[in-house]
Amino acid sequence: MEKVCALCRVNTDLQKSHIIPELFYTMVYDLKPRRFRVISADPSVPERFEQKGIRERLLCKACEGRLARWEKYVKKTFVDGRGVTSMPIQDGFRLQGIKYKTFKLFLMSLLWRMSVSSLEFFNLVDLEAEVEEQLRVALLKEDPLAPDEFPCVFVIVKVGGKLMRDWIHQPSLFTGSHGERICCLVINGIMYVFTIGKQPASSVASQAAINEKNEMIMLDSNAWDYPFLREDLISQFGAILERKKAKGG
């Protein structure tokens, strides 16, 4: 059945599109059998397994290919580290060698996909229609916008001093200390902190985000330092214990 592609708005057959790219699920899957575990913070909801990262009919084949090019580059550089140098700094690392345009377009596409998705996992990310449209048009034009527009800061959020590469956390929207809207998403133990819209060039978000010099800052932190992550982790650990007790474990 033909439907309208969310990106190019063409009426055509839609693909099963990933919102969070499949490349990030490779660190989440068990090997045998190949699947990953979904854990709810509600003790009454049993744990379940999924065979593939969550998808929905969202994009046409051409638009899928457009996003796939950016994802392939992200896999080679940001995930595999090829051609990227890392320099320790206070509270984190400075990464160099990641192409601004390609990486920024990937990040913008991720934010846009989360907002336009109808899947329950992304229901807390609901950007204004004009913001979604701004991102959609920029993605179609392959315009990464300026570094201070929709900047994304990366934060390693360790649990007990350990990087949890199998951790993907439901994204949420928050209001920052200066009234700015912020979207946070954890993928493979790294928190993506998007600030919505244009920010002052002097802001922390703009200073740490990927820039036209092809460099960015990744902060090193603890998940317990963020109240919403701490509360969710406590709820999840408590739910796991409750389910074990219910099974007599």
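Readers should treat all values here as calculations from the given coordinates under stated rules, not as data from a laboratory. This structure is a prediction, so every number in the text was calculated from the model and none was measured. Neighbour counts are summed over all protein chains in view; Cβ atoms, including those assigned to glycine, are modelled from backbone coordinates with ideal geometry.
Think of region 61-246 as having a plus end and a minus end, set by charges on the Cβ of Lys, Arg, Asp and Glu; of Val157, Gln207, Val131, Val157 sits farthest toward the positive end of this dipole. Computed extension length for Arg82-Arg181: 32.3 nm, one decimal, from 0.36 nm per residue of separation with the Cα-Cα distance subtracted. Between Phe121, Trp224, Tyr73, whose Cα lies farthest towards the positive end of the dipole of region 61-246 when Lys and Arg beta carbons carry +1 and Asp and Glu beta carbons carry -1, centred on the Cα centre? Of the listed residues, the answer is Tyr73. Computed on region 61-246, with alpha-carbon pairs under 8 angstrom and 6+ residues apart, the relative contact order is 23 percent. Neighbours of Arg82, meaning other residues whose beta-carbon lies under 13 angstrom from its beta-carbon, give a summed charge of +3 when Lys and Arg score +1 and Asp and Glu score -1.
For region 47-124, lysine pairs with C-alpha atoms less than 24 angstrom apart, excluding pairs fewer than eight positions apart on the same chain, total 18.
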